[in-house]
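A.B. asks: First the structure, then my questions, so here it is.
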Amino acid sequence: MGILDKEFSQSNIVITKTEDLFNWARLSSLWQVGFGLACCAIEMMATSASHYDFDRFGVIPRPSPRQSDVIIISGTVTLKMALRVKRLYEQMPDPKYVISMGSCANCGGPYWEHGYHVLKGVDRVIPVDVYVPGCPPRPEALLEGLLKLQEKIRNESLVRKSA
Amino acid sequence: MKTAEDIFKILKDKFGDAVLEFKNDKPVDPFIIVDPLEVDKICLFLHDDSDLLCDSLMNLSGVDDANGEKIKSATSGEHEISIINGGTLSVWYHIESTKLKHKVTLKTSTPREKPEVVTVTDVWKCAAWHEREAFDLYGIVFLNHPDLRRILMPYDWEFGFPLRKDYKNPEFYQGMKVPY
């Protein structure tokens, strides 16, 4: 944020752009939908736990899509689940973001050829902001994915959505 | 404790023609082939008889034997689509007595065109979901089953039974593209 010189800091005044303020607020408290699909969800939970501590980036699981900002698709999306994932996404308020975690959610993963029941990439039903590769990705990889998403939000504009 | 052969002899004496054959081809576990329309009575006897006391159905699974006549109907892209005519679908029962410590495997085969097997849910409640799965993936109909719906695939899946050898996946489901 653009903070001006000392004379302002003495008087507790901060000058910034509305866009920057909004983006900073949004990227600093991304509440994720409390939702996991497969083995990637175990890594996602590990990321939330004390050792990797997702909360230091303002990410906490919220047990309702209506009060969430980001949904992490952590695992294999079956055709049956895809309809539910789409509904969850539609229930989230704008602005909303999607992290696709792991090979299954990215492209079908090991089920790409013979998985008669698997959606070959969650981006066939909802728009994805960040893809995190791995099978499953380590918590560090998911954290990097989150930082990429924060970077993306930091450069958003109020008048045009970047995604 | 009884061997599979002992159990076969007991069943053969009791049920006669409904118990078809005993197979003991090493290294496969021995198994008993039974009639698909009598399997419920045989299982009830295995469960209740004081010498057998088979109280646990460890597993129930379907198999596509793919022993019918294969007809190559068309080639789409790299894949050959073949249809299988005739032959059988099978259901396997892995049964154990936790009291007497013996195990027995039953097999029953049913024609592919009209696959019907009598349910064993009245003997072991846990069979209900196993049979739903066999129905879901192979289309084997379990007669007298209390709730024979799909269990894994979507309820409105209308493209057949995925684990049959001549199954062909659809291009689209509910507007979503299915192939890679």
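The values are calculated or read from the model by the stated rules, or taken from the named source; none is laboratory data. The structure displayed is predicted, hence computed values, not measured ones. Reconstructed Cβ throughout: ideal geometry from the backbone, glycine too, with neighbour counts over all protein chains shown.
A.B. asks: Filter region A:112-162 for residues that are outside any helix (DSSP H, G or I) and among the small types (Gly, Ala, Ser); which is farthest from A:Lys86 (Cα to Cα)?
C.D. replies: So the residue we want is A:Ser157.
A.B. asks: Which residues, taken from region A:12-50, are part of a loop (DSSP other than H, G, I, E, B) and touching a residue at least 24 places away in the same chain (Cβ under 8 Å)?
C.D. replies: Those that are part of a loop (DSSP other than H, G, I, E, B) and touching a residue at least 24 places away in the same chain (Cβ under 8 Å): A:Ser29, A:Leu30, A:Gly34, A:Phe35, A:Gly36, A:Leu37, A:Ala38.
Quick grid of which residues meet (1) within 14 Å of another protein chain (Cβ to nearest Cβ); (2) over 25 Å from B:Tyr180 (Cα atoms); (3) within 12 Å of the chain's Cα centre (by Cα):
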residue: A:Lys96; (1), (2), (3): no, yes, yes
residue: A:Ile126; (1), (2), (3): yes, no, no
residue: A:Val130; (1), (2), (3): no, no, yes
residue: A:Glu140; (1), (2), (3): no, yes, no
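A.B. asks: In the list A:Ser100, A:Ser68, which residue meets the criterion of being under 27 Å from B:Asn169 (Cβ atoms), under 11 Å from the mean Cα position of the chain (by Cα), buried (at least 23 other Cβ atoms within 10 Å of the Cβ) and polar (S, T, N, Q)?
C.D. replies: A:Ser100
A.B. asks: While we're looking at this one, here's another question. Please find, among B:Asp40, B:Asp65, B:Asp29, B:Asp49, the residue that is within 17 Å of B:Glu131 (Cα to Cα) and among the acidic types (Asp, Glu).
C.D. replies: One residue alone meets the criteria, B:Asp40.
A.B. asks: Could you tell me which residue of region A:67-81 is nearest to A:Leu37 (Cα to Cα), considering only residues that are more than 14 Å from chain B (Cβ to nearest Cβ) and assigned to a loop (DSSP other than H, G, I, E, B)?
C.D. replies: A:Gly75
A.B. asks: Going residue by residue through region B:167-178, is there one that turns out to be more than 10 Å from chain A (Cβ to nearest Cβ), outside any helix (DSSP H, G or I) and not aromatic (Phe, Trp, Tyr)?
C.D. replies: yes
A.B. asks: Just checking, how many residues over region A:98-108 are part of a helix (DSSP H, G or I) and within 11 Å of chain B (Cβ to nearest Cβ)?
C.D. replies: Of the residues in that region, 1 qualify.
So that you can scan it fast, the table gives a plain yes or no per residue for (1) surrounded by fewer than 20 Cβ atoms within 10 Å (Cβ to Cβ); (2) more than 15 Å from the chain's Cα centre (by Cα):
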position: B:Lys101; (1), (2): yes, yes
position: B:Thr119; (1), (2): yes, no
position: B:Tyr155; (1), (2): yes, yes
position: B:Glu158; (1), (2): yes, yes
position: B:Tyr167; (1), (2): yes, yes
position: B:Tyr173; (1), (2): no, yes
position: B:Met176; (1), (2): yes, yes
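A.B. asks: Among what's in region A:48-94 and is within 27 Å of B:Lys177 (Cβ to Cβ) and charged (D, E, K, R), pick the residue that is modelled with the lowest pLDDT.
C.D. replies: Across region A:48-94, the extreme among qualifying residues is A:Asp94.
A.B. asks: May I pose another question? If you scan region B:134-144, which residues turn out to be buried (at least 19 other Cβ atoms within 10 Å of the Cβ) and not small (Gly, Ala, Ser)?
C.D. replies: Hits for region B:134-144 are B:Phe135, B:Asp136, B:Leu137, B:Tyr138, B:Ile140, B:Phe142.
A.B. asks: Starting from residues that are buried (at least 16 other Cβ atoms within 10 Å of the Cβ) and out of contact with any Gly (no Cβ under 9 Å at 6 or more places or on another chain), keep the ones in region A:25-45 and report whichever is farthest from A:Ala141 (Cα to Cα).
C.D. replies: A:Arg26
A.B. asks: Please give the number of the condition B:Ser82 fails out of (1) hydroxyl-bearing (Ser, Thr, Tyr); (2) within 17 Å of the chain's Cα centre (by Cα); (3) assigned to a strand (DSSP E or B).
C.D. replies: Every listed condition holds for B:Ser82 apart from (2).
A.B. asks: Can I ask one more? Would it be correct to say that B:Leu163 is of a type in the set (A, V, I, L, M, F, W, C), exposed (fewer than 15 other Cβ atoms within 10 Å of the Cβ), within 13 Å of chain A (Cβ to nearest Cβ) and assigned to a loop (DSSP other than H, G, I, E, B)?
C.D. replies: Considered against the rule, which asks whether it is of a type in the set (A, V, I, L, M, F, W, C), exposed (fewer than 15 other Cβ atoms within 10 Å of the Cβ), within 13 Å of chain A (Cβ to nearest Cβ) and assigned to a loop (DSSP other than H, G, I, E, B), B:Leu163 comes out as no.
A.B. asks: Here is a follow-up. Would you please list the contacts, defined by Cβ atoms under 8 Å and residues six or more apart or on different chains, that run from a residue in region A:51-62 that is closer than 16 Å to A:Ala141 by Cα and touching a residue at least 60 places away in the same chain (Cβ under 8 Å) to a residue that is in a strand (DSSP E or B) and among the β-branched types (Val, Ile, Thr)?
C.D. replies: From residues that are closer than 16 Å to A:Ala141 by Cα and touching a residue at least 60 places away in the same chain (Cβ under 8 Å), the pairs are A:Phe54/A:Ile60; A:Val59/A:Val70.
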